[in-house]
Amino acid sequence: MQTIYQPTAIHRRLLALGILCITLLFSNAYAATDHAELVTIHQQFIDWRNDFDPSRATHDSVTERVADLQKMQDKLQTLPADTWPREQQADYLAVRAQMNEYDFTLQISRPWFRDPGFYVDRMLWVAFTELPVEAEQHDELVERLQSIVRLSKQARSNLTEATVDYTDLALYALSNPDGVGHGHPHREVPPAGVIGWYQDLQQRAQQTQPELLVHINPALAAVQSFQQWLQQQHPQLTTESGVGRNAFDWYLQQVKMMPYDADDILLMSQRELDRLRANYALAEHQNRDLAKLELPKDEAGYTERVAGVDADIRAFIERQKLITVPDYIPTDFEEMGYNVRWIKRPSGPNYWEHIQFRDPSPDHWHAVIPGHRFDSMLREHLEHPIRSKLYDGARAEGWAVYLEEMPLQLGFYTDRPRTRELIYNFGLFRAVRSIGDVRLQLNQMTTDEVMHYWMQLTPGLDKNVARVDAEIYLRRPPGYGLGYTIGHLQMQKLLADARWQQGEAFSLQTFHDQLMSYGWMPLSLIRYAMTGKDDEVRMLQKHIPVESLIMIQNP
């Protein structure tokens, strides 16, 4: 009789293990192929998005782009991302969020049709051109000046849905200096808004290159004509500028990939505001007998402070083993740059300058090293085909705000006790900014009301900085202003999860280095990729198309 082979228990386990290995091998191969397709779709989307001049948008061209984007989103949806390794799933969700953001801009924010400031911004930068210009620069300036005339006409044709707050802000910007000068060339007396900057360009041309006046004068007239048109339209405007609750909640979850809604953000921000107000009061009490921090006497004194802070921070990073500093990071603080330049204003320093001039360290951590400039350089050197092209405001700002309190906890400010008050002051402004950001988008506050609310709760905040920030966070994509405080809270959660998951093997330097490897990916996705905790991602995996918002708004 023939004996039939009967595998033993250990043989059966080995056979099952072999089958599992083969299955994983093939599944990983398929996942790699699918991820390569994701990379291709993402790059196609970026190229397509960038191949568009938004200043020439029309209702027809925007409708065409919505249809084109829908095809890319449909293709993205066919990828079996839920079967991929978690890092690749995070990449997929980040790409989907980018497409959702652009879809939201096309169909909900619609700045080309709702925001006169969209055109005012594009009018302003031309007037900053340094004269004289020659050769190609001359021809480029002439073309840009001529385009201002076309832009003014296009704006009047497009702005069929202009809102009250947006129009008020645009009219202010056209004829008033903002008092802050973000990126503006320095003038002893700042020109009066966009129109003032064209008059400044006009005066400079008269002195150095009068042949340009034939192009500057029509551009100035076009800007003035646009101002007059907005003034005529203003009494008829009733539309609110915020996107509303349903759209804002959708944006938080489908674009910012935050597992929160507007009410969650308000509650978290209020809690942070209460904590920071209490800490500020305690720091004031602790420092009550210490001399106050004084402003430097001149630019040389301020530069010396910045240089000293830069050296102290770099030494502290190395001594505490906080993060790896690559060789390509400049060692000279002047080459690295810093956020607030020395300026003497007739009215005295503004809010940011009052803090920065007294002690540059909180903002140097935030904006220079290892903050924004350092962070940007690392991102530029990422070789990952997707993460190197991501941008998430809460990740960028959350990291930067984390860098204000983190060194405080580690002892960097032991010899700078009064700087604690400055750090908490920064935090207060970030917390109230989050609340204002939500209230603006829910149409529960106007920009003027937000300004006054911020000034009541932020020591030393001046009207100019408050107005500029209110404009930024109303007119940027929704939720940028809340990214500072909420991003910081997400950073703290990620740090806590990683530490308690890894136990005594945890290394802060390794944690920070790993975080940097994901670029500016939303923090909920970084948390999933780094820790495997999927409680947040499960809430965010379902794709809800932006068209569902349009159906709610237009039943």
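Check whether at least one residue in segment 258-266 is acidic (Asp, Glu), at pLDDT 95 or above, touching a helix residue (DSSP H, G or I) at 6+ places or on another chain (Cβ under 8 Å) and not in a loop (DSSP other than H, G, I, E, B), and report yes or no. No.
Mind telling me which of the residues 508, 549, 482 ends up being surrounded by 21 or more Cβ atoms within 10 Å (Cβ to Cβ), at pLDDT 95 or above and either touching a His at 6+ places or on another chain (Cβ under 9 Å) or under 27 Å from residue 91 (Cβ atoms) (or both)?
Step by step, each of 508, 549, 482 is checked, and only 482 is surrounded by 21 or more Cβ atoms within 10 Å (Cβ to Cβ), at pLDDT 95 or above and either touching a His at 6+ places or on another chain (Cβ under 9 Å) or under 27 Å from residue 91 (Cβ atoms) (or both).
Please give the helices (runs of 4 or more DSSP H) falling wholly within segment 480-555 in which 3 or more residues are out of contact with any helix residue (DSSP H, G or I) (no Cβ under 8 Å at 6 or more places or on another chain).
In segment 480-555, the matching helices (runs of 4 or more DSSP H) lie at 483-502, 508-516.
The criterion of at least 3 residues that are at pLDDT 95 or above, surrounded by 14 or more Cβ atoms within 10 Å (Cβ to Cβ) and acidic (Asp, Glu) is met, among helices (runs of 4 or more DSSP H) falling completely within segment 63-142, by 86-104. State whether one or more residues within segment 378-399 are in contact with a Lys or Arg (Cβ under 8 Å, 6 or more places away or on another chain) and over 28 Å from residue 252 (Cβ atoms). No, the conditions are met nowhere in segment 378-399.
Checked against (1) crowded, with 18+ Cβ neighbours inside 10 Å; (2) over 30 Å from residue 334 (Cα atoms); (3) of a type in the set (A, V, I, L, M), residue 306 meets all criteria but (2).
Considering only segment 44-51, I want to know if a residue exists there that is surrounded by fewer than 20 Cβ atoms within 10 Å (Cβ to Cβ), touching a Leu at 6+ places or on another chain (Cβ under 6 Å) and modelled with pLDDT of 95 or more. Looking through segment 44-51, none of the residues is surrounded by fewer than 20 Cβ atoms within 10 Å (Cβ to Cβ), touching a Leu at 6+ places or on another chain (Cβ under 6 Å) and modelled with pLDDT of 95 or more.
Screening residue 176 on (1) within 21 Å of residue 233 (Cβ to Cβ); (2) of a type in the set (S, T, N, Q); (3) over 28 Å from the mean Cα position of the chain (by Cα) shows it passes everything except condition (3). Within segment 359-374, being surrounded by fewer than 21 Cβ atoms within 10 Å (Cβ to Cβ) and assigned to a helix (DSSP H, G or I) holds for 367, 372, 373. Taking (1) at pLDDT below 95; (2) part of a helix (DSSP H, G or I) in turn, residue 185 satisfies each apart from (2). Residue pairs whose Cβ atoms lie under 9 Å apart, separated by 6 or more positions or on different chains, with the first residue in segment 300-317 and aromatic (Phe, Trp, Tyr) and the second in a helix (DSSP H, G or I), are 302/356; 302/357; 316/407; 316/410. Residues that are touching a helix residue (DSSP H, G or I) at 6+ places or on another chain (Cβ under 9 Å), touching a residue at least 12 places away in the same chain (Cβ under 8 Å), over 30 Å from residue 473 (Cβ atoms) and not assigned by TED's automatic domain parsing to the domain that holds residue 96 occur in segment 269-291; there is at least one. Looking at segment 42-62 only, could you name the residues that are aliphatic (A, V, I, L, M), more than 17 Å from residue 91 (Cα to Cα) and assigned to a helix (DSSP H, G or I)? Hit for segment 42-62 is 62, nothing else. For segment 452-471, the criterion of being small (Gly, Ala, Ser) and under 19 Å from residue 114 (Cα atoms) is met by at least one residue. Evaluate the following for residue 451: is it crowded, with 21+ Cβ neighbours inside 10 Å, out of contact with any strand residue (DSSP E or B) (no Cβ under 9 Å at 6 or more places or on another chain), aliphatic (A, V, I, L, M) and at pLDDT 95 or above? Yes: the conditions hold for residue 451. Residue 168 satisfies every condition listed in (1) more than 15 Å from residue 129 (Cα to Cα); (2) buried (at least 17 other Cβ atoms within 10 Å of the Cβ); (3) without any contact (Cβ under 8 Å) to a residue 60 or more places away in the chain except (3).
Working carefully through the options 223, 214, 194, find the one that is free of Cβ contacts under 8 Å to residues at least 24 places away in the same chain, in a helix (DSSP H, G or I) and β-branched (Val, Ile, Thr). Outline the logic, then answer.
Numbers: 223 fails: free of Cβ contacts under 8 Å to residues at least 24 places away in the same chain; 194 fails: free of Cβ contacts under 8 Å to residues at least 24 places away in the same chain.
The unique qualifying residue is 214.
The values are calculated or read from the model by the stated rules, or taken from the named source; none is laboratory data. Note that the coordinates shown come from a computational prediction; the quantities given were computed from them, not determined experimentally. Reconstructed Cβ throughout: ideal geometry from the backbone, glycine too, with neighbour counts over all protein chains shown.
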